[in-house]
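**Q** Provided herewith is a single structure, encoded as structure tokens, for subsequent inquiry.
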Amino acid sequence: MRLPQENLFRHQDTLAQLHENRPLSDKLRVLHQLISEDFPFIERLSIALLDEATGILKTYTHSTAGGTTPLMAYEALLDDAPSLREIIEKRRPRLVQDLAIFSEGEHLHTQKIWEKGYRASYTMPVYQSGTFIGFLFFNSPEARPFVPAVLRQLDIYGHLIALVVINELTAIRTLLSAVKAARSMTHYRDLETGSHIDRTAHYARLIALELAPSYQLTDEQIEHIFLFSPLHDIGKIGIPDSILRKPGKLNDQEFEIMKTHPTRGREIIDEILRDFSLGTFGHVGILRNIAEYHHEAIDGSGYPKQLKGDEIPIEARISAVADIFDALTSRRVYKEAWSNEEAFSMLQRLADDKLDRDCVEALLGNVEKIVAIQQRFRDQEEQSS
């Protein structure tokens, strides 16, 4: 007996949206919807990632009933959360059937979770090739909802969510490695130290965290600004050494060639994305915007497109301030390092004309964190002196 052809395609894949080009947060919402059909008491899923260099645990993405989450643009030292540290040490998930045991906790994240009305939590560690990278949290407003049958299902969902997250992070790391390899095959690798790259990334994250409430920056956007800001000058690998390494001032013709590096950077990134089939992960536009628009100026005098004010993507405005501040406070063959105070004064003078004032004020309002970044990521010659 032959079945009508239309019967062969009646079933709709409930997770087909995971194959689409959309941000990780959207994919997490798709999975949350599916979980909620079986377990409606799970109102919040969230991912936090560990920054190995600093030991800081930072919020990355979430799916929360109602859309609001108790924690966004938030970071804390993992060492300040012994209960979470124990998860890593035991390499096992943590089950808290009643969060009342943490209701008197002093940590901000504990207080916010409790105040939001959550009463139970299941926390899974996330590993990539055996290396811990972060946590997945399931939160419920009900006490003691995680019975054994529920946990068996959540373990399956949890590992599926972890794979989606790891796939996203792997795509980003592949892109970063490809760009690093492109840099390493040129003399450009000698122009910037690893410490400069680290500091620029952390300054950019600092600014983005400060601006998150007023600019509605998500945790994913903040993380990608952090990862991609150091790649702003990738286009310089296409600039001749005679210009790139010239010790004196560039003449007009040389400067015009130098001004092509943002466009070259965008082209290089697009080529890498195409060759590695990486153009589908969310927020890739952040990388493109940083590379192409980090030399635009608020007053329209920048390049390559003479964009003004809010026409310049916020990630490019953030990257510009982070890079200029580190350039000013770093020693180069042609100049000594400026003091932080001297650099702060220069940023203030450039605000509203060349640089975005909100970005400048966001950086200058965190002097203690700036100093901490500088101390942690010192240049090699400073460490040996």
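**Q** So how much slack lies between Q306 and Q12, counting 0.36 nm per residue of separation and subtracting their Cα-Cα distance, in nm? Don't skip to the answer; put the middle values down first.
**A** Values: separation 294, 0.36 × 294 = 105.84 nm, distance 4.76 nm.
Extra length available between Q306 and Q12 comes to 101.1 nm.
**Q** Quote the relative contact order of the range 283-385 in percent (integer), defining contacts as alpha-carbon pairs under 8 Å separated by 6+ residues.
**A** Values: 97 pairs, mean separation 22.5, N = 103.
The value is 22 percent.
**Q** With every protein chain present, what accessible area does I101 have (1.4 Å probe, heavy atoms only), rounded to the nearest 10 Å²?
**A** About 120 Å², ignoring ligands and nucleic acids.
**Q** Continuing with the same structure: List the chymotrypsin sites (Phe, Trp or Tyr not before Pro) within the range 246-296 that DSSP assigns to loop and that have no more than 15 neighbouring Cβ atoms inside 10 Å.
**A** For chymotrypsin sites (Phe, Trp or Tyr not before Pro) across the range 246-296 that sit outside H, G, I, E and B with at most 15 neighbouring Cβ atoms in 10 Å, the list reads F276.
**Q** Pick out, in residue order, every one of the GluC sites (Glu not before Pro) in the range 259-316 that is DSSP loop and has at most 10 other C-beta atoms within 10 Å; say none if there are none.
**A** Passing both the DSSP loop test and the Cβ count: no residue.
**Q** OK, next. Expressed as a whole number of Å, what is the distance separating the alpha-carbon centroids of the range 335-381 and the range 264-327?
**A** 20 Å
**Q** Each residue of the range 144-159 in order: what ³J(HN,Hα) in whole Hz does its phi give by Karplus 6.51 cos²θ - 1.76 cosθ + 1.60, θ = phi - 60°, with x for Gly and Pro?
**A** Karplus values, whole Hz, x for Gly and Pro: 6, x, 8, 7, x, 5, 5, 4, 4, 6, 5, 4, 5, 4, x, 5.
**Q** Say each of R85 and T131 gets a label point 7 Å from the Cα, pointing the same way as Cα to Cβ; how far apart are those two points in nm?
**A** In this crude label model, R85 to T131 measures out at 2.2 nm.
**Q** Right, next: I need the phi-derived Karplus couplings for the range 26-34: 6.51 cos²θ - 1.76 cosθ + 1.60, θ = phi - 60°, integer Hz, Gly and Pro marked x.
**A** 5, 5, 5, 5, 4, 5, 4, 4, 5
**Q** List the relative contact order of the range 1-65 as a percent without decimals, with contacts defined as Cα pairs under 8 Å and 6+ residues apart.
**A** Dividing the mean separation by the residue count of the range 1-65 yields 26 percent.
**Q** Compare the peptides 359-367, 225-233 by average per-residue count of other Cβ atoms within 10 angstrom and give them in order, highest first.
**A** Answer by packing, highest mean first, reads 225-233, 359-367.
**Q** Explain nothing, just compute: Karplus ³J(HN,Hα) = 6.51 cos²θ - 1.76 cosθ + 1.60, θ = phi - 60°, for every residue of the range 284-290 in order, whole Hz, x for Gly and Pro.
**A** Taking θ as phi minus 60°, the curve returns 5, x, 4, 5, 4, 5, 5 Hz for the range 284-290.
**Q** I want to verify a result. In a Gaussian network model of the chain, Cα cutoff 10 Å, which of these has the top mean-square fluctuation: H196, H261, H19?
**A** Ranking H196, H261, H19 by mean-square fluctuation puts H19 first.
**Q** Let me ask something else about it. What percentages make up the Cα-Cα pair-distance distribution of the range 109-187 when the bins are 5 Å wide from 0?
**A** Pairs per bin, as whole percents: 3, 12, 17, 16, 14, 13, 8, 6, 4, 4, 2, 1.
**Q** What does the chain give for Rg and for Dmax, in Å, if only its C-alpha atoms count?
**A** Rg and Dmax of the chain, Cα atoms, are 23.4, 85 Å.
**Q** Given the pairs K180/K249; K305/K335; K236/K259; K180/K236, which are separated by over 20 angstrom at their Cα positions?
**A** Flagged as over cut-off: K180/K249; K305/K335.
**Q** Can you sort Y157, Y203 by solvent-accessible area, 1.4 Å probe, largest first? Intermediate results must be reported in sequence, preceding the final value.
**A** Details: Y157 30, Y203 0 Å².
My answer, sorted largest first, is Y157, Y203.
**Q** Per residue, how many Å² of accessible area does the chain show with a 1.4 Å probe?
**A** On a per-residue basis, 51 Å².
**Q** Could you put M124, M346 in order of accessible surface area, largest first, with the 1.4 Å probe and the full protein assembly present?
**A** Listed by decreasing accessible area, they come as M346, M124.
**Q** Right, next: Evaluate the distance, in nm, between pseudo-label points positioned 7 Å from the Cα of Q375 and of N251 along their respective Cα→Cβ axes.
**A** 4.9 nm
**Q** What length, rounded to one decimal in nm, is gained on full extension from E52 through to E368, with 0.36 nm per residue of separation minus their alpha-carbon distance?
**A** 111.7 nm
**Q** Let me ask you something else. Rg/Rh for the range 1-151 to two decimals, with Rh computed the Kirkwood way over all alpha-carbon pairs.
**A** Numbers: Rg = 18.1 Å, Rh = 17.1 Å.
Expressed as Rg/Rh, it is 1.06.
**Q** Normalised by the number of residues in the chain, what is the relative contact order in percent for Cα pairs under 8 Å and 6+ residues apart?
**A** 14 percent
**Q** Turning to a different aspect of this structure: Quick check: at a probe of 1.4 Å, how many percent of the accessible area of the chain sits on carbon and sulfur atoms?
**A** 51 percent
**Q** Say each of E336 and S277 gets a label point 7 Å from the Cα, pointing the same way as Cα to Cβ; how far apart are those two points in nm?
**A** 5.5 nm
**Q** Taking the Cα atoms of the range 1-74 alone, what are Rg (to one decimal) and Dmax (as a whole number) in Å?
**A** Rg and Dmax of the range 1-74, Cα atoms, are 18.0, 66 Å.
**Q** Compute the Cα gyration tensor for the range 213-336, then decide on rounded, prolate or oblate, letting a ≥ b ≥ c be the square roots of its eigenvalues: rounded whenever a/c is under 1.5, prolate when a/b is larger than b/c in the other cases, and oblate in all that remain.
**A** Cα axes put the range 213-336 in the prolate bin.
The values are calculated or read from the model by the stated rules, or taken from the named source; none is laboratory data. Not measured: the values here are computed from a predicted model. Positions of Cβ are generated from backbone atoms using ideal geometry, with glycine treated the same way; all protein chains shown enter the neighbour counts. For the accessible areas, the whole protein counts, side chains as well, though only heavy atoms, and no ligand, DNA or RNA atoms are used. Shrake-Rupley method; radii C 1.70, N 1.55, O 1.52, S 1.80 Å.
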